[in-house]
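Enquirer: Provided herewith is a single structure, encoded as structure tokens, for subsequent inquiry.
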Amino acid sequence: MSEQPIVHNSIDEHIGKRLQLRRTMMGLSQRDLANLCGVTSQQIQKYERAENRIYASRLFELSSVLETPITFFFRGLPGLMPEPDRTGRIQHVAQQTSKDDPLSKNESLTLINLYWKLPGDDKREMVMKLLRSLNGME
């Protein structure tokens with residue numbers, strides 16, 4: 001069953017960007033993720049571009065494959081989001097807008113992608129030490 005193209009929707013675009021972010025964070029190509037989900041790489045590309053809406057069952061599968069809670073895809077949406085408090089009761093919490101979320105910026109995606117392409121843990125550790133030093137954390 002093929003999924004029908006939709007009109008762009010800001011929520012679909014946000015989820016697509018978060019999908020791309022998580023895939024990149026895990027060092028997966030679109031083809032890798034497609035193989036894990038049993039879809040084509042073109043389908044993953046359409047999800048990331050919000051050309052096709054991601055249905056709930058597919059989003060659940062993606063969260064499992066990408067080893068992240070399903071709420072990851074909704075973080076940073078403007079407005080109020082349901083969040084459980086310490087007692088488990090649902091409360092509505094204002095979320096930061098996407099433009100303020102460093103993980104929504106292309107620069108962050110590039111940085112994460114380049115970091116995971118470094119050959120070896122020692123080089124990644126050197127980058128982390130440099131970043132900690134520049135931020136006054138060491």
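Just so it is clear, none of the values below were taken in a lab; they were calculated from the coordinates. Everything numeric here is computed off the predicted structure, so don't read it as measured data. Every residue, glycine as well, gets a Cβ built from its backbone with ideal geometry; the counts of neighbours run over all protein chains shown.
Enquirer: Please sort 120-128, 52-60 by packing, taking for each peptide the average over its residues of neighbouring beta carbons within 10 angstrom, highest first.
Expert: Result, highest mean first: 52-60, 120-128.
Enquirer: Please list, in order along the stretch 126-131, the HN-Hα scalar couplings obtained from phi with the Karplus expression 6.51 cos²θ - 1.76 cosθ + 1.60 (θ = phi - 60°), rounded to whole Hz, x for Gly and Pro.
Expert: With the stated coefficients, the stretch 126-131 comes to 4, 5, 4, 4, 4, 5 Hz.
Enquirer: With a ≥ b ≥ c taken as the square roots of the eigenvalues of the C-alpha gyration tensor of the stretch 6-61, please select rounded if a/c is under 1.5 and otherwise prolate if a/b is larger than b/c or oblate if it is not?
Expert: It is prolate, given that a/c is not under 1.5 and a/b is the larger ratio.
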